[in-house]
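Have a look at the structure below, then the notes.
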Amino acid sequence: MGKTVAHKILGSHLVSGKLDPGNEIAVKIDQTLTQDATGTMAYLQFEALGMPRVKTDLSVSYVDHNTLQTGYENADDHRFLRTVAARYGIVYSRPGNGICHQVNLERFGVPGRTLLGSDSHTPTGGGIGMIAIGAGGLDVAAAMGGYPFYLPAPKIVLVNLKGRLPDWVAAKDVILELLRRLSVKGGVGKIMEYGGEGVKNLSIPERATITNMGAELGATTSVFPSDEVTRAYLEAEDRGSDWKEIAADSDAEYDEVIDLDLSALEPLIAQPHSPDNVVKVSEIEGTKVDQVVIGSCTNSSLYDMTLLAEMLSGKTVKVGSSLSVGMGSKQVLEMLARSGALAKIASAGARIIESACGACIGMGQAPPSGANTVRTFNRNFEGRSGTKDAKIYLGSIETAAAAALNGVITDPRKLGKHPVINLPERFLINDNMLVMPPEDGSKVEIIRGPNIGMLPVPDPLADTIEGTVLLKVEDNITTDHIMPAGAKILPLRSNIPAISEHVFEVVDPTFADRAKQAGGGFIVGGENYGQGSSREHAALAPMYLGVKWVLAKSFARIHKANLVNFGIIPLTFADAGDYGKIESGDSIRLEGVRKSIEANEPLVLKNETKGTEIKVAYDLSDRQRETLLDGGLLNHVKKSVG
């Protein structure tokens, strides 16, 4: 049987296990990336491993999230990240250099390599033919220490592309169509591999948009083949020597096949408050738009911004609506400035914002109360914009620009002839904002400001666990619900005692106080608990508050791994009907925990409030069970590698 692209890359990096779906595999990691919101804790964790230098081929520390400096906290974190990078052999991407996924694609992405990033949109790298996976910061710290990355072997789904995108239909519409068909749970346990004759009609930025939002499907990652289009992109980045061809064998077999005719698509838009709430733009035309924001790691390439400039040329943003634009990297910004395209964007009345994640994570550009905001981002969860009652719509560059010009949601096909975009054969290369580490960093002083807090480490698992159900929630609870982002909370990422005060704040503002008063407790959830961002703080901060287990109908992949990494047991209902038999406030006792987990036997929750028992399960590998028994991944890795 022939091999898929995913199997070829995973197979060449396989440390242990078999590529049979569901079995745990260990994969060697070539590259890692962190961003500043997750990086501070990841590097504190790496320090705790006691290793003198990273063991990966390449590790990069990006500053792109916490760039709004309204106090000392973010600037202190950046200084810490710069010095810790020099100490341990990590490339440091300075503030202003751009968004991690865009810069990594431009300057470091290599077909056939593996990339592990402490950001859920790391699969952007799949657009250039990498197996790029998002994970919690502790998994990334372990990978920097030479430890393999463990995950359940995914199913491989072929998305068989045919035809060519019509004018005014974008790569964003491709992934929105898949979200419309499959939902935010449709990719769980799967790698989405793109193939078919339609692939050659998509540029690398277009492919990267699609793989970026594969995270919204819940997919492990997404990947395109590496072909002549890939070669041309790498040559434009003066990295032609990094190219190699990677294609699926003609007789490769897939677990599933999805046919998608590019020529049959039309402009789509995701309505509030989920990326899979997708309709045709034409169905909601005329909806008033108060704000448009263009950029993020999803749509901020040179192609995207050049297209925007041509659409705005000689026009003005509609009165009553504002337009903010952030380029994905310094390379994009500088090339736009030199070509004159930036002047067209500014002349139309756009507000030029920093080359950073910014508004996508609620770090500035919050819309008015009750507003409709159209964004080229990847997520539109309630409150993510920084305004709780705002409604976020997700669309392409074409759809967003049309909304900014008309002040209402508009089918971009009504704007006339689509601009013809011709990009240069060679891009401007200026890596002056990348700081390479010294050969020997042992003498480098790591500078820690007062915002660099303690590194909490859980205790080994207890045999008897008792306490109170602190909170019961419904399906599709996101990590934004558990550990909110935004300008107020993100600067606290390196200060766990401070950030823990905000756990579940948007769901129940009393949660943190109640958890502290009770000395910890438990959480009950529905389907797909913990979807969204890879932020390990959604496990780390609850652990700090004393949460010992989470019982849910099902878990999102990254969050489940993060719970294990921080010693919290991810339990599932043996019978989904038992969800109604446990409520917030119930007193629960769990006995024989260590013995049961050691033997891989089911557990029984004793509900002392109701006088009932509930059988619960856990789907964990031998390694994950050992990790829980040791009190989390940090303890486990230190024990394993001495």
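The values are calculated or read from the model by the stated rules, or taken from the named source; none is laboratory data. Only a predicted model underlies this, so the values are computations on that prediction, with no experimental measurement involved. Please note: Cβ atoms are built from the backbone with ideal geometry, for glycine as well, and neighbour counts cover all protein chains shown.
Brief remarks on what is shown
- Checked against (1) aliphatic (A, V, I, L, M); (2) under 15 Å from Gly521 (Cα atoms); (3) touching a Lys or Arg at 6+ places or on another chain (Cβ under 8 Å), Ile597 meets all criteria but (2).
- Residue satisfying condition, being at pLDDT 95 or above and not charged (D, E, K, R), within set Ser621, Ser587, Ser596: Ser587
To keep it simple, each residue is scored yes or no on (1) closer than 26 Å to Asp475 by Cα; (2) outside any loop (DSSP other than H, G, I, E, B); (3) of a type in the set (D, E, K, R).
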residue: Ser250; (1), (2), (3): no, no, no
residue: Ile269; (1), (2), (3): yes, yes, no
residue: Pro275; (1), (2), (3): yes, no, no
residue: Ser282; (1), (2), (3): no, yes, no
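- Some residue of the range 476-488 being touching a strand residue (DSSP E or B) at 6+ places or on another chain (Cβ under 7 Å), of a type outside the set (Ser, Thr, Tyr) and in the same structural domain as Leu633 (by TED's automatic domain parsing): yes
- Leu540 being touching a strand residue (DSSP E or B) at 6+ places or on another chain (Cβ under 6 Å), crowded, with 23+ Cβ neighbours inside 10 Å and assigned by TED's automatic domain parsing to the domain that holds Asn607: no
- Residue among Glu235, Glu216 that alone is more than 30 Å from Asn406 (Cα to Cα) and outside any strand (DSSP E or B): Glu235
- Search result, residues across the range 356-373 that are at pLDDT 90 or above and in contact with a helix residue (DSSP H, G or I) (Cβ under 6 Å, 6 or more places away or on another chain): none
- Inside the range 154-204, residues that are among the β-branched types (Val, Ile, Thr), touching a helix residue (DSSP H, G or I) at 6+ places or on another chain (Cβ under 6 Å) and assigned to a strand (DSSP E or B) make up a count of 2.
- Of all residue pairs spaced 6 or more apart or on separate chains, those with beta-carbon atoms under 8 Å, a first member in the range 241-260 that is exposed (fewer than 14 other Cβ atoms within 10 Å of the Cβ) and a second member that is among the small types (Gly, Ala, Ser) and at pLDDT below 95 are Asp249/Gly2; Ser250/Gly2; Asp251/Gly2.
Each row is one residue, and each column tells you yes or no for (1) buried (at least 24 other Cβ atoms within 10 Å of the Cβ); (2) under 19 Å from the mean Cα position of the chain (by Cα); (3) outside the structural domain of Pro111 (by TED's automatic domain parsing).
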{"site": "Lys185", "(1), (2), (3)": "no, yes, no"}
{"site": "Tyr194", "(1), (2), (3)": "yes, no, no"}
{"site": "Arg207", "(1), (2), (3)": "yes, yes, no"}
{"site": "Ile210", "(1), (2), (3)": "yes, yes, no"}
{"site": "Ala215", "(1), (2), (3)": "yes, yes, no"}
{"site": "Thr221", "(1), (2), (3)": "yes, yes, no"}
{"site": "Pro225", "(1), (2), (3)": "no, no, no"}
{"site": "Glu237", "(1), (2), (3)": "no, no, no"}
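- The residue list Lys581, Lys553 contains one member that is in the same structural domain as His481 (by TED's automatic domain parsing) and either within 24 Å of the chain's Cα centre (by Cα) or closer than 30 Å to Glu501 by Cβ (or both), which is Lys553.
- Of all the listed residues (Thr387, Thr376), the sole one being at pLDDT 95 or above and either within 28 Å of Val63 (Cβ to Cβ) or surrounded by fewer than 24 Cβ atoms within 10 Å (Cβ to Cβ) (or both) is Thr376.
- Lone qualifier among Ala359, Ala309, Ala346 - being within 18 Å of Ser385 (Cα to Cα) and hydrophobic (A, V, I, L, M, F, W, C): Ala359
- Among the residues making up the range 265-287, those that are surrounded by fewer than 19 Cβ atoms within 10 Å (Cβ to Cβ) and either touching a Gly at 6+ places or on another chain (Cβ under 7 Å) or acidic (Asp, Glu) (or both) are Glu266, Glu283, Glu285.
- Some residue of the range 70-77 being out of contact with any helix residue (DSSP H, G or I) (no Cβ under 8 Å at 6 or more places or on another chain) and farther than 23 Å from Ile353 by Cα: no
- Within the range 201-220, residues that are under 16 Å from Leu302 (Cβ atoms) have Cβ atoms under 6 Å from residues that are among the aromatic types (Phe, Trp, Tyr) and assigned to a helix (DSSP H, G or I) in these pairs: Ile204/Tyr233; Pro205/Tyr303, counting only partners at least 6 apart in sequence or on another chain.
- Among the residues of the range 146-168, those identified as farther than 18 Å from Val15 by Cα and buried (at least 21 other Cβ atoms within 10 Å of the Cβ) are Ile156, Val157, Leu158, Val159, Leu161, Trp168.
- Of all the residues in the range 238-248, those that are farther than 27 Å from Gly189 by Cβ and not in a helix (DSSP H, G or I) number 5.
- Unmet criterion (only one of (1) of a type in the set (Gly, Ala, Ser); (2) part of a strand (DSSP E or B); (3) at pLDDT below 95) for Ser324: (3)
- Pairs where the first residue, in the range 463-488, is within 10 Å of Gly532 (Cβ to Cβ) and the second is part of a strand (DSSP E or B), C-beta under 7 Å, 6+ apart: Asn476/Gln531; Ile477/Tyr529; Thr478/Gln531
- In a residue-by-residue description of the range 331-339, the property of being touching a helix residue (DSSP H, G or I) at 6+ places or on another chain (Cβ under 8 Å), of a type in the set (Ser, Thr, Tyr) and not in a helix (DSSP H, G or I) applies to no position.
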